[in-house]
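The block underneath contains the structure these notes are about, expressed in structure tokens.
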Amino acid sequence: MKRVIFLLSLLVLLAGCSHNDNATVWPLDKSCNLHQQACTATHGDQAVTLAITPRPIPVAKPLQVEVRLRNIPAKQVALDISGLNMYMGYNRVTLKQENNDVWTGSSMLAFCTNDTMQWQLTVLIDTPDGQQIQVPFYLETHRNPTYPTPVKE
């Protein structure tokens with residue numbers, strides 16, 4: 001029985017350490033503030049826009065997520081949220097396709113006791129040819145936020 005548990009544990013660890021050899025990772029750009037606006041990452045003629053509401057983005061409250069793609073065929077799109085300065089657990093949501101280029105869903109940022117929490121929100125795009133495009137966005141939250149007045153769209 002101990003061997004079975006050991007082998008299952010090893011299998012889980014190996015699965016968690018695996019990586020996608022067919023993945024293209026775009027660079028992280030910290031210049032856009034998701035608390036104030038939608039952010040767009042570009043790579044050649046391709047673009048991915050991530051919008052999260054409400055703004056400013058609250059912690060531990062429901063969030064609406066919208067991803068817009070330009071010149072990227074997608075069979076599935078997901079949003080992965082991970083803590084950069086503290087592990088916050090697994091937080092990935094598969095988005096629903098609204099039309100060819102727009103994908104939506106709901107998520108939430110986990111509550112954290114750190115005064116400042118740094119997040120990486122990665123849009124994962126699986127293409128029909130078996131490739132994956134990973135587009136990271138940066139977000140910072142504060143326990144006692146003093147954000148500027150939200151921008152109205």
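Mind pulling up the Rg/Rh value for region 52-106? Radius of gyration and Kirkwood radius, both on Cα.
Details: Rg = 12.6 Å, Rh = 12.5 Å.
My calculation of the ratio gives 1.01.
By the Cα gyration tensor, region 53-153 has an equivalent ellipsoid whose semi-axes, rounded to whole angstrom, run 26, 16, 11 from largest to smallest. Each residue of region 81-87 is assigned a 3J(HN,Hα), and the resulting list reads 10, 9, x, 8, 9, 6, 5 Hz, derived from the Karplus form 6.51 cos²θ - 1.76 cosθ + 1.60 (θ = phi - 60°), x at Gly and Pro. Residues whose amide H lies under 5 Å from that of L95, counting only those 5 or more places away or on a different chain, are V77, A78, L79; hydrogens are built 1.01 Å from N in the peptide plane. Label sites at Q64 and D129, each approximated as a point 7 angstrom past Cα along Cα to Cβ, lie 3.5 nm apart.
Under the combined filter of DSSP loop state and at most 11 neighbouring Cβ atoms within 10 Å, region 49-107 retains these chymotrypsin sites (Phe, Trp or Tyr not before Pro): Y87, Y90. Amide H contacts for D29 (H built 1.01 Å from N in the peptide plane; partners 5 or more residues away or on another chain; cut-off under 5 Å): Y138.
Computed from the coordinates by the stated procedures, all read-outs in this text should not be read as laboratory data. Bear in mind the structure is a predicted one, so any value in this text is a computation, not a measurement. Ideal geometry is used to build each Cβ from the backbone, glycine not excepted, and the neighbour counts take in all protein chains shown.
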